[in-house]
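Heads up: the structure comes next, in structure tokens.
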Amino acid sequence: MTASTGFSAQSASDATDLRRYVRDIPDFPKPGILFRDITPLLRDPVGWAEAMRQLGRLCDQLQPDLIVGIESRGFIVGTALATDRRIGFVPVRKPGKLPGEVVGIDYALEYGQDRLEIVRDALADQPRVLIVDDLLATGGTAAACAELVAVAGGQLCGFAFVAELAALRGRDRLPAEQPIESLIIYA
């Protein structure tokens, strides 16, 4: 199932439902949480190739110059997509993990504060940037990453996620004018 804002990464006739590659793990990381584990998707070459094909179609439409991946599972999805599309990848990390001069942004979480950082010149020349992560949940980290991209000089052209937990309304926290693509949406 694909949901988007303003475009379609795939047609219904050629879409493979990637849900069959996601494992549900109840009560992880704590009681009452149903964890959506993409490890089986990563392990399956057919499923993973299909995920990259679907995200690749999105890249063809949005034409990003760079993929920005959010630590840490966004690195897995983002580097694979960047390699597949033959474009560059830029990591956004937690504090103290990047060498040299960085630009950072502090943001609020449901349970406290956090910070994201990017190498200061990583987005020189105002590239078009697609932000990629494995999961859109509450949207706080993705929204902070969008702000960081702007502060660092990039031009955001959209967001891409493997899965989305729609009930948490993370889309509502992201810039309304930006395309948002999730390959799998859980209500």
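The values are calculated or read from the model by the stated rules, or taken from the named source; none is laboratory data. Fair warning: this is a prediction, and the values are worked out from it, not measured in the lab. So basically every Cβ, Gly included, is an ideal-geometry build from the backbone, and we count neighbours across all protein chains shown. Note: areas computed on protein heavy atoms with side chains; ligands, DNA, RNA excluded. Shrake-Rupley method; radii C 1.70, N 1.55, O 1.52, S 1.80 Å.
Those strands (runs of 3 or more DSSP E) of the stretch 103-187 in which 1 or more residues are free of Cβ contacts under 8 Å to residues at least 12 places away in the same chain occupy 112-119. In the stretch 91-125, of all residues being modelled with pLDDT under 95 and over 15 Å from residue 148 (Cα atoms), the one that is most open to solvent (accessible area, probe 1.4 Å) corresponds to 111. One residue stands out among those in the stretch 46-82 that are open to solvent by 50 Å² or more (accessible area, probe 1.4 Å) and touching a Phe, Trp or Tyr at 6+ places or on another chain (Cβ under 8 Å): the one that is farthest from residue 133 (Cα to Cα), which is 61.
The set of residues in the stretch 155-184 being β-branched (Val, Ile, Thr), more than 17 Å from residue 75 (Cβ to Cβ) and either surrounded by fewer than 17 Cβ atoms within 10 Å (Cβ to Cβ) or under 12 Å from the mean Cα position of the chain (by Cα) (or both) consists of 180 alone.
If residue 72 satisfies all but one of (1) at positive phi; (2) of a type in the set (S, T, N, Q); (3) modelled with pLDDT under 95, what's the number of the condition it fails? Here residue 72 clears every test but (1). Suppose the filter is crowded, with 23+ Cβ neighbours inside 10 Å and either out of contact with any helix residue (DSSP H, G or I) (no Cβ under 6 Å at 6 or more places or on another chain) or of a type outside the set (A, V, I, L, M, F, W, C) (or both); does residue 152 pass it? So residue 152 passes the test.
Of all residues in the stretch 50-103, those being touching a Leu at 6+ places or on another chain (Cβ under 8 Å) and among the polar types (S, T, N, Q) number 1.
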